[in-house]
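Remarks on the structure that follows.
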């Protein structure tokens, strides 16, 4: 329709093949709404995911992102994105000042893959944790693939060792 309007308008412009015979120069009619595209209303980013995972409530964005990542990796495996990892670290309680280091360690250990298994099965998940640390940290050892659980246990180990002088001493990868 826009092409037809432009074509019709060109016939009325001086020098465009139309012989103008005097009087005011005809202008193309402007049809309301035809020139600019109609933009549908936009909901807040993640609103559809928020409603699917938390019907009837509003939760922080980090919770929505982390929950979606947990469900996706549980169902399909794969890696977390940086945004997903940041959300997981935030929800796990990692101090903001330590999150960049935690991200570097998790990348080195698992490439941000919650299902990673190393060292012949003795290093598990996102932070490649020893299975004994889960019970010690108050988390079920069979939840090691859950990135949020793994990050919580990693934080507990990190904080324990931070008091001893090096929060990263349990990991072969250092920030």
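(1) in contact with a helix residue (DSSP H, G or I) (Cβ under 8 Å, 6 or more places away or on another chain); (2) buried (at least 16 other Cβ atoms within 10 Å of the Cβ); (3) at negative phi; (4) modelled with pLDDT of 95 or more: which one isn't true of residue 112, the others all being true?
Among (1) in contact with a helix residue (DSSP H, G or I) (Cβ under 8 Å, 6 or more places away or on another chain); (2) buried (at least 16 other Cβ atoms within 10 Å of the Cβ); (3) at negative phi; (4) modelled with pLDDT of 95 or more, residue 112 violates only (3).
Can we say residue 138 is surrounded by fewer than 19 Cβ atoms within 10 Å (Cβ to Cβ) and outside any helix (DSSP H, G or I)? Give the derivation first.
Details: surrounded by fewer than 19 Cβ atoms within 10 Å (Cβ to Cβ): yes; outside any helix (DSSP H, G or I): yes.
Yes; evaluated as a whole, the condition is true for this residue.
Assigned to a helix (DSSP H, G or I), farther than 22 Å from residue 83 by Cβ and in contact (Cβ under 8 Å) with a residue 12 or more places away in the chain - does that describe any residue in segment 123-133? Break it down stepwise before answering.
Initially, segment 123-133 is screened for residues assigned to a helix (DSSP H, G or I), giving 132-133.
Those still in the list that are farther than 22 Å from residue 83 by Cβ too: 132-133.
Next cut, in contact (Cβ under 8 Å) with a residue 12 or more places away in the chain only: 133.
Yes, segment 123-133 has at least one match.
Any residue that is at pLDDT 95 or above and at positive phi - is there at least one of those in segment 79-88? Don't jump to the end; show me each part of the working.
We begin by selecting, within segment 79-88, every residue at pLDDT 95 or above; these are 79-88.
Subset that is at positive phi: none.
No, because not a single residue in segment 79-88 is at pLDDT 95 or above and at positive phi.
The values are calculated or read from the model by the stated rules, or taken from the named source; none is laboratory data. Note that the structure is predicted; figures quoted are calculated from it, not measured. Counting neighbours? That spans all protein chains shown, and the Cβs are built from the backbone with ideal geometry, glycine included.
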